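Every number in this text was worked out from the coordinates using simple rules, so none of it is lab data. Being a predicted model, the structure only gives us computed values, none of them experimental. Positions of Cβ are backbone-derived with ideal geometry, glycine not excepted, and every protein chain shown enters the neighbour counts.
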Amino acid sequence: MNKQALQQLVSGIRRHATLDASVGTPIHELHLSCFAAPTELTSLVYEPCLCIIAQGSKEVLLAEQSFRLDPAQFLLVSVDLPVDARVQSATPSKPYLGLRISLDPKVVGELLADGANVSSTAGSERGLAVTPTDPQLLDAVLRLVNLLDAPADIKPLAPLVLREITHRVLTGPQGLRLRQIALAGAPAYRIASAIRWLKDHFADPLKIESLAAQVGLSTSSFHQHFKNVTAMTPLQYQKRMRLQEARSLMIGEKLDAAEAGFRVGYESPSQFSREYRRMFGAPPRQDVEAVLSSATS
């Protein structure tokens, strides 16, 4: 790993990040994070993206799996995944610094059409992995961050650098995780289609047999490949999406628990409260009050 390039990335993020926040940038696909202290676990949904740690460390939890990110490592997410994440290592003098780059499935497909050769019968890999950042990828990411210093160059050059970053990931050691979701006919491609449906219809009743048939898999094969990719069953995935959305509604729109639960598909308030407590560790009202209190303290 090029220590000089990593230090330059630290400097670039510090120039443009906001302390104790994750913020967007003039490059739509690029988000920067800076935290001066460790954070509590936060539930969120990662869309296909690349996350790189420049300084400090971070933990991401996917179902029962824990992934630790340290400097010079990147996290690849190839499908929409509900996760829990927290900053583990950060101080005022040496804050946590990281970035997230959204990956465009259309660009993945275009690059594959330009010459990548992967069998459509490939198996289904987990949709999340941590890998050392190779020098070529780090160099491209650094050039993307440095474009923030030259606003006039962003529009013509950012798409080219983003395309190069996607190419580096596709041709790197974890490329299969990204390639497989763009290969029509591959099991992971079918699961990615099912995940998109679940994300858009998480409040609807879930009929496994119908969704499996919709993406062209048998029910048993659908269950197997879905868990391979997401580390969850389809029902567990739907539940996490529902509960995380309900939490967002209560925090962002000030809905009460009964209304939020109904909005995300729960018919029974008691079942909603029970499952919410199991996931977040406290009843809905108590949890939301704690989150709001933490945000204003």
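Got the relative contact order for segment 236-296 handy, in percent, Cα pairs under 8 Å and 6 or more residues apart?
26
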**Report entry** Cα centroid separation, segment 21-75 to segment 265-297 (Å)
**Finding:** 24
Requested in this report: Express in nm, to one decimal, how much length is gained between Q286 and D70 on full extension, taking 0.36 nm for each residue of separation and deducting their alpha carbon distance.
Outcome: 74.5 nm
Requested in this report: Please state the charge dipole magnitude for the chain, taken about the Cα centre, from unit charges on C-beta atoms (+1 on K and R, -1 on D and E), reported in debye and rounded to the nearest 20.
Outcome: 320
Report task. First measure r as the distance between the Cβ atoms of R14 and S293, then evaluate 1/(1 + (r/R0)^6) with R0 = 41 Å and state the FRET efficiency to the nearest 0.05. Result -> 0.90
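Given the -39500 (n - 2.57) contribution per DSSP H run of 4+ residues, what per-residue ellipticity at 222 nm results for the chain, rounded to the nearest 500 deg cm²/dmol?
One gets -15000 deg cm²/dmol as the mean residue ellipticity at 222 nm.
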Requested in this report: Residues in segment 157-190, backbone N under 19 Å from the label point at S221 (7 Å along the Cα-to-beta-carbon vector): list them, ranges by number please.
Outcome: 180-190
Query - Projected-area average for segment 105-254 over all orientations - Cα convex hull basis, square nanometres - result: 11.5
Query raised in the report: If all Cα-Cα distances of the chain are sorted into 10 Å bins from 0 onward, what percent lands in each bin, rounded to whole numbers?
Result: 6, 26, 32, 25, 11, 1
Requested in this report: Calculate, for Q136 and Q7, the FRET efficiency according to 1/(1 + (r/R0)^6) with r their C-beta to C-beta distance and R0 22 Å; round to the nearest 0.05.
Outcome: 0.80
Query raised in the report: Reported to two decimal places, what Rg/Rh ratio describes segment 236-296 when computed on Cα atoms with Rh from the Kirkwood expression?
Result: 0.93
Query raised in the report: Taking a quarter of the surface of the convex hull around the Cα atoms of segment 1-110, what do you get in nm²?
Result: 7.3
Report task. Compute the length gained on full extension between D149 and I208: take 0.36 nm times their separation in residues and subtract their Cα-Cα distance, giving the result in nm to one decimal. Result -> 16.3 nm
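Using alpha-carbon pairs under 8 Å, 6+ residues apart, how would you state the relative contact order of the chain in percent?
Details: 501 pairs, mean separation 45.9, N = 297.
Value for the chain: 15 percent.
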Report summary line: Residue separation between S268 and K94 times 0.36 nm, minus their alpha-carbon distance, gives in nm 57.9 nm
Query raised in the report: In whole angstrom, and with the biggest value first, how far do the Cα coordinates of segment 119-184 range along each principal axis?
Result: 44, 26, 16
